[in-house]
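Before any comments, here is the structure.
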Amino acid sequence: MEKLGKLIYSGKAKSVYEYKDEDKVVVSFRDDITAGDGEKKDSLSKKGYYNTLISTKLFEILEENGIATQLVKLIDSSSMVSKKLEMIPLEVIARNLATGSLIRRFPFEEKTPFNPPIIQFDFKNDEFHDPMLNDDIAIALKIATKEDLAEIREITLKINEVLSKFLDENGILLVDFKLEFGKDNNGNIILGDEISPDTCRFWDNKTHETLDKDLFRKGEGDVMSAYHEIFNRIISNEDIKRWSIDSN
Ligand SMILES: Nc1ncnc2c1ncn2[C@@H]1O[C@H](COP(=O)(O)OP(=O)(O)OP(=O)(O)O)[C@@H](O)[C@H]1O
Ligand SMILES: [Mg+2]
């Protein structure tokens, strides 16, 4: 196993380490799980494993469809070598169906479909509780330029299209999800962070059973068996072999 470099940052669910190449980092997925601005906390065995491999698989699908992601390679089943990005402090949310905070804040009926999807930009800032932005506020805060925002919006719509199709083919409805982007050394906008049951609403596409972190938020059901179910539906034994990691 390759040794991890110096710890750069430890967040609520992942840690970021230096890598031997200066333009890369290792994003390491821990078993920690939090909800409600970190008020509710736990550690769930294998969560880091599931999120690493689910994110890797989904990043691969995006790369195959011409979308630039941070993914370089896996070094083990919780550590993803990633392009080092200057993160843009936005939580970019795409919504295909109305649920969660959207129906708490606005008079939408639960499960109202959005076509085209709603793209929402929140300010990633715990101190201000991730408030929703509009373009003018984001530009005035110098979070991103008008051009950056337009590009991020376009990439997010493409990601939604690609992932919705891939997941649907595997029995999963992509209800909504959150992305984080950053810039590489050349100023290119690249998809970073993760795409996992921590950051997406995944429902069974027939029964609408919840298969994501909402189970933890609401204290309902067996959270890890839902993550395991997503893992089983999208990851094959061939994937595990190809990544040359332990099947765990
Ligand atoms: N490729 C990357 N290069 C540099 N930093 C990254 C990259 N991908 C993600 N990050 C950053 O690494 C951190 C990941 O840690 P984590 O998601 O646990 O923490 P957090 O975002 O501070 O907390 P939370 O997401 O729970 O609000 C985030 O700050 C994220 O923006
Ligand atoms: Mg995070």
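Readers should treat all values here as calculations from the given coordinates under stated rules, not as data from a laboratory. Worth saying up front: this structure is predicted, and the values here are computed from it rather than measured. Positions of Cβ are backbone-derived with ideal geometry, glycine not excepted, and every protein chain shown enters the neighbour counts.
Each of Thr145 and Lys73 was given a label point 7 Å from its Cα along the Cα-to-Cβ line. The distance between the two points is 3.5 nm.
Ranking of Lys146, Lys57 by neighbouring Cβ atoms within 10 Å, starting from the fewest: Lys146, Lys57. Taking 19 Å as the straight-line reach from the Cα of Lys6, the aspartates and glutamates in range (excluding those fewer than 8 positions away in the same chain) are Glu18, Asp21, Glu22, Asp23, Asp76, Glu86, Asp193. Taking other C-beta atoms within 10 Å as the exposure proxy, Tyr227, Tyr9 rank Tyr9, Tyr227 from fewest upward.
Contour minus end-to-end for Asp135 and Glu18, with contour as 0.36 nm per residue of separation and end-to-end as the Cα-Cα distance?
38.8 nm
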